[in-house]
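Q: Here you go, one structure.
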Amino acid sequence: MLRIDIISGVPDLLTSPLETSIVGRARDKKLVEIHVHDLRDYTTDKHGKIDDYPYGGGAGMVMTAQPIFDCIEKLTGQREYDEIIFTAPDGDTFEQQDANELSIKQNLIFLCGHYKGIDQRVRDELITKEYSIGDYVLSGGELPALVMTDAIVRLLPGVLGDAESALNDSFQEDLLEAPVYTRPAEFRGKSVPEVLLSGDHNKIKEWRFETAKKRTKEKRPDLYKKFNKKH
């Protein structure tokens, strides 16, 4: 079973999303183990601080090394971790292939940044991977950690009701997903494509593939180029 440890200075931001919907149900069914660690429990500062002013001056505060080192060293002293991941705005862009690869690991740590960043010595000595979820700035790394956790957990065996659902998601084959429809077959003058009502699974599969290619080419030409290189 996959175990995920998330380290945060504001753990309350993580509580509700990890207890509801797909991730919450996966935890209830013992398909994944997720633990949240409050960084303030590890600080030796008498005021409970986990940040300080940056050397050299400048705006903002920086997360200090001591509580992060102590927390991570405690965890790694208990078990071996496959990856220690920092949610960094200058990290590699997190993509579906990364979720696929991380979903088959045994133990993962996510370190959530906050304030202006974290002491570089943490990144140099402890971190094995750094991921960003896009070119924009958030208040902290908790939301990216939740995004990545959700993307990983939904791939675990038994988490989704339909075993094929995750395999057919957008980006799995560098293609966006084809359009989907449900009842009624006609709504406000708009009808479901006939092929989806035909019962011919081969034709439906071909239609979805061709439609996915067309949609990807129009909406994400960068992704379509990746698909073309592989095919």
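The values are calculated or read from the model by the stated rules, or taken from the named source; none is laboratory data. Computed from a predicted model, the values in this text were never measured in an experiment. Every residue, glycine as well, gets a Cβ built from its backbone with ideal geometry; the counts of neighbours run over all protein chains shown.
Q: Would segment 66-76 turn up any residue that is out of contact with any His (no Cβ under 7 Å at 6 or more places or on another chain), closer than 18 Å to E130 by Cβ and not hydrophobic (A, V, I, L, M, F, W, C)?
A: So far as segment 66-76 goes, yes, one or more of its residues are out of contact with any His (no Cβ under 7 Å at 6 or more places or on another chain), closer than 18 Å to E130 by Cβ and not hydrophobic (A, V, I, L, M, F, W, C).
Q: Applying the selection to segment 78-113, what residues are among the β-branched types (V, I, T) and surrounded by 17 or more Cβ atoms within 10 Å (Cβ to Cβ)?
A: Looking only at segment 78-113, we keep the residues that are among the β-branched types (V, I, T), and these are 84-85, 87, 93, 104, 109.
Result: I84, I85, T87, I109.
Q: Take the conditions farther than 24 Å from T76 by Cβ and of a type outside the set (D, E) and apply them to L138. Does it pass?
A: Yes: the conditions hold for L138.
Q: Oh, and also: Go through R25, R3 for me and flag whichever is farther than 21 Å from L126 by Cα and among the charged types (D, E, K, R). Spell out the reasoning first.
A: Values: R3 fails: farther than 21 Å from L126 by Cα.
The conditions single out R25.
Q: What pairs come out if I take residues in segment 179-195 that are aromatic (F, W, Y) and pair them with residues that are at pLDDT 95 or above whose C-beta lies under 9 Å away, six or more apart or interchain?
A: So the pair list comes out as Y181/V192; Y181/P193; Y181/L196.
Q: Restricting the search to segment 116-133, which residues are hydrophobic (A, V, I, L, M, F, W, C) and touching a helix residue (DSSP H, G or I) at 6+ places or on another chain (Cβ under 8 Å)? Lay out the reasoning, then the answer.
A: To start, the set of residues in segment 116-133 that are hydrophobic (A, V, I, L, M, F, W, C) comprises 118, 122, 126-127, 133.
Listed by number, the residues that qualify are I118, V122, L126, I133.
Q: OK, next. Kindly indicate whether any position in segment 42-51 is touching a residue at least 24 places away in the same chain (Cβ under 8 Å), within 30 Å of F227 (Cβ to Cβ) and aromatic (F, W, Y).
A: Checking segment 42-51: not a single residue is touching a residue at least 24 places away in the same chain (Cβ under 8 Å), within 30 Å of F227 (Cβ to Cβ) and aromatic (F, W, Y).
Q: What helices (runs of 4 or more DSSP H), lying completely within segment 1-120, carry at least 1 residues that are basic (K, R) and either under 24 Å from R154 (Cβ atoms) or under 19 Å from the mean Cα position of the chain (by Cα) (or both)?
A: Of the helices (runs of 4 or more DSSP H) lying wholly inside segment 1-120, those with at least 1 residues that are basic (K, R) and either under 24 Å from R154 (Cβ atoms) or under 19 Å from the mean Cα position of the chain (by Cα) (or both) span 21-28.
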